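To start, the structure itself, in structure tokens.
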Amino acid sequence: MSEAAAGTVRRRRPPATTAGGRLTRVSGLGLGVAMLWFSLLVLIPLAAVVATAVAGGWDGFWRAVTNDQTAAAIQLTVGTALLVTVVNVVMGTLIAWVLVRDRFAGQRALEVLIDVPFALPTIVAGLVLLSLYGPDSPLGLDVANSRAAVFLAFLFVTLPFVVRTVQPVLAELDREVEEAAASLGASRFTTFRRIILPALAPAIAAGAALSFARGVSEYGSLVLLSGNLPMQTEVTSVRILSSIENDNLDNAAAVATVLLAISFAVIVALDVIQRRVGRRG
Amino acid sequence: MAERQRLRTRGPGRFVTRAIVTAYLFLLVAWPLWLVAQNTFADGFDNLRGILDDPDVVHALQLTVVVAVVAVVINTVFGVGISILIVRYRFPGRRLLNALLDVPLSVSPIVVGLALVLVYGGRSGWFGPGLEDAGLQVIFATPGIILATTFVALPLVIREVVPVLEEIGTEQEQAAQSLGATAAQTFRRITLPAIRWGVTYGVVLSLARSLGEFGAVKVVSGNVLGETRTATLVVEEKYLNFDQGGAYATAFLLALVAVACIVVVSIIRPKEEPR
């Protein structure tokens, strides 16, 4: 079975130290250099966002975030991301199920299709969706510049997450327990609800969290597709960008801090889920 | 064979789920992707020839490749190094660092761009003015594009290498060391061959991600024609200027590389599994 981006999408466990070695002089130096680079590239810049937001004071922060247009953008982004996550939980689990438990011609092609949204440049993703669901749609479905376009774009870019977290867990599931349940008279539905679903729940939750985080932070695929109409189809990332372009970095930093808080919450939630799974064995 | 038999006896629900999944993926991914190829070749090769004859587009493609290669090299060296440190050593803050390494995957590309501008911006950034005095312009120049691209693709190599390192354990490394191999020899002769496939997937996925970065690059590049405009920015600019043919052709090239990367990974990966 091919799982091209599985490792990237699947959340990795907190690694077990296999050696538990103490740092030597060389490895200590390596860690220092790596931390310096990571700080310069990621930690200091992200800290600068929060610091700039804080420097504006609570009033400035609150004004930036509750501005009508910004509040509408945040609401649209979070609401659509939640909705898409619900769809992904259902469809992603179903897709993983078909990929693991079914065998048919063309399955490899489906495997590759799952990973396409992960590797495709987001601006290209927008153009791709526009060709089927835009003004020249061969289906006669034109969602461009509407809220449905935001939903569609989120649905496309978050496709791999639930599938790729559920798939490996489902593949390792012990079939004998299901057979035992069936032989004791459980219906297919009962078996699914009582045996399979509980086993998959942590993986589904982890995939849902990743897909929510990805949806909330999406930008590129919306540029051509949603029209970025204020109060209607403008998402949070677009709001931040227009603040940057108006040279209002304080405002941009305040709204960006909201997004960072959401990503942070998702990372913490993932860690909790992973630890609970780890404890269960 | 028994496995197969049992699967086959599972009722008609199988065909329903199969049909739903296939239709969903066809409508969401396959058909739209196909239409881009179709639109690109609507006038034969004119669209492709058009962009390849345009020196600005060619420059953008070259810049994209150079930036992606530099970002992939940085992320590979950093990724392999930090993976070994995290798996093989114990130090305070190891768990926190492990969690932080995933942050770039869930940060909006626009926020990434903003963060880099706030620190490296030439006018008001924390380090920007100092670096500019020293003759290094970061934002609105190639170094900024490289930083943004490196940022967004940072976790990909690590996520592929860490599980492999955990799996192979340390027995062989310890054996090599007890036979007198230096740390460098152990790494080159034992560790590196064992993790080579993990590194390969990480590199291919990072390459796909790096070639396609759009939002973060848009913020830090300034989008100067013929200087800091990358391929993804060309797609946007062409489409908004009603040059749909050019936009589709550039998008087609980018999509081709992305799909090729996925196919390559999906072909090499299973070879390693039945080990």
Checklist entry - Of all the residues that make up the range B:71-105, how many are surrounded by fewer than 23 Cβ atoms within 10 Å (Cβ to Cβ) and among the hydroxyl-bearing types (Ser, Thr, Tyr)? => result 2
Checklist outcome for this item: Of (1) of a type outside the set (A, V, I, L, M); (2) in contact with a Leu (Cβ under 9 Å, 6 or more places away or on another chain); (3) surrounded by 16 or more Cβ atoms within 10 Å (Cβ to Cβ); (4) not in a helix (DSSP H, G or I), A:Ser237 fails just (4)
Item to check | Count of the range B:161-184 residues which are loosely packed, with under 13 Cβ neighbours inside 10 Å, assigned to a helix (DSSP H, G or I) and either away from chain A (no Cβ under 12 Å) or not hydrophobic (A, V, I, L, M, F, W, C) (or both) | outcome: 4
Next on the checklist: So for the range B:37-53 (the condition being more than 11 Å from chain A (Cβ to nearest Cβ), part of a helix (DSSP H, G or I), surrounded by 22 or more Cβ atoms within 10 Å (Cβ to Cβ) and among the β-branched types (Val, Ile, Thr)), does at least one residue qualify?
Outcome noted: yes
Checklist entry - What number of residues within the range B:214-228 satisfy the criterion of being in a loop (DSSP other than H, G, I, E, B) and crowded, with 24+ Cβ neighbours inside 10 Å? => result 1
Item to check | Criterion violated by B:Thr232 - all others in (1) more than 9 Å from every other protein chain (Cβ to nearest Cβ); (2) assigned to a helix (DSSP H, G or I) satisfied | outcome: (1)
Next on the checklist: Condition check: of a type in the set (S, T, N, Q), more than 7 Å from chain A (Cβ to nearest Cβ) and either within 26 Å of A:Asn251 (Cβ to Cβ) or assigned to a helix (DSSP H, G or I) (or both). Does B:Asn75 satisfy that?
Outcome noted: yes
Checklist entry - Hey, any hits in the range A:243-252 for a residue that's buried (at least 24 other Cβ atoms within 10 Å of the Cβ), at the interface with chain B (Cβ under 7 Å from one of its Cβ atoms) and within 18 Å of A:Gln75 (Cβ to Cβ)? => result no
Checklist outcome for this item: Filter the range B:193-209 for residues that are more than 10 Å from chain A (Cβ to nearest Cβ) and touching a residue at least 24 places away in the same chain (Cβ under 8 Å); the one that is surrounded by the most Cβ atoms within 10 Å (Cβ to Cβ) is B:Ile195
Checklist outcome for this item: Selection from the range B:23-36 of residues more than 7 Å from chain A (Cβ to nearest Cβ) and under 27 Å from the mean Cα position of the chain (by Cα) yields B:Phe26, B:Leu27, B:Trp34
Checklist entry - Just to be sure, is A:Val42 more than 7 Å from chain B (Cβ to nearest Cβ) and at pLDDT 85 or above? => result no
Item to check | Residue match in the range B:147-157 (condition: surrounded by fewer than 18 Cβ atoms within 10 Å (Cβ to Cβ) and either touching an Asp or Glu at 6+ places or on another chain (Cβ under 6 Å) or among the acidic types (Asp, Glu) (or both)) | outcome: no
Checklist outcome for this item: Within the range A:116-143, residues surrounded by fewer than 20 Cβ atoms within 10 Å (Cβ to Cβ) and of a type in the set (A, V, I, L, M) come out as A:Leu139, A:Leu141
Item to check | the range B:170-191, residues that are in contact (Cβ under 8 Å) with a residue 24 or more places away in the chain and under 27 Å from B:Cys261 (Cα atoms) | outcome: B:Thr191
Checklist outcome for this item: Among residues of the range A:134-173 being without any contact (Cβ under 8 Å) to a residue 24 or more places away in the chain and in a helix (DSSP H, G or I), the residue farthest from B:Asn39 (Cα to Cα) is A:Glu172
Next on the checklist: From the list B:Val87, B:Val72, B:Val58, B:Val80, exactly one residue is of a type outside the set (Gly, Ala, Ser), under 18 Å from B:Val257 (Cβ atoms) and touching a residue at least 40 places away in the same chain (Cβ under 8 Å). Which is it?
Outcome noted: B:Val72
Checklist outcome for this item: Of the candidates B:Ala216, B:Ala249, B:Ala208, the one satisfying the condition of being more than 14 Å from the chain's Cα centre (by Cα), at pLDDT 90 or above and not assigned by TED's automatic domain parsing to the domain that holds B:Trp31 is B:Ala249
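The values are calculated or read from the model by the stated rules, or taken from the named source; none is laboratory data. Remember, predicted model here, so these are calculated numbers, not experimental data. In this analysis, Cβ positions are derived from the backbone assuming ideal geometry, glycine residues included, and neighbour counts consider all displayed protein chains.
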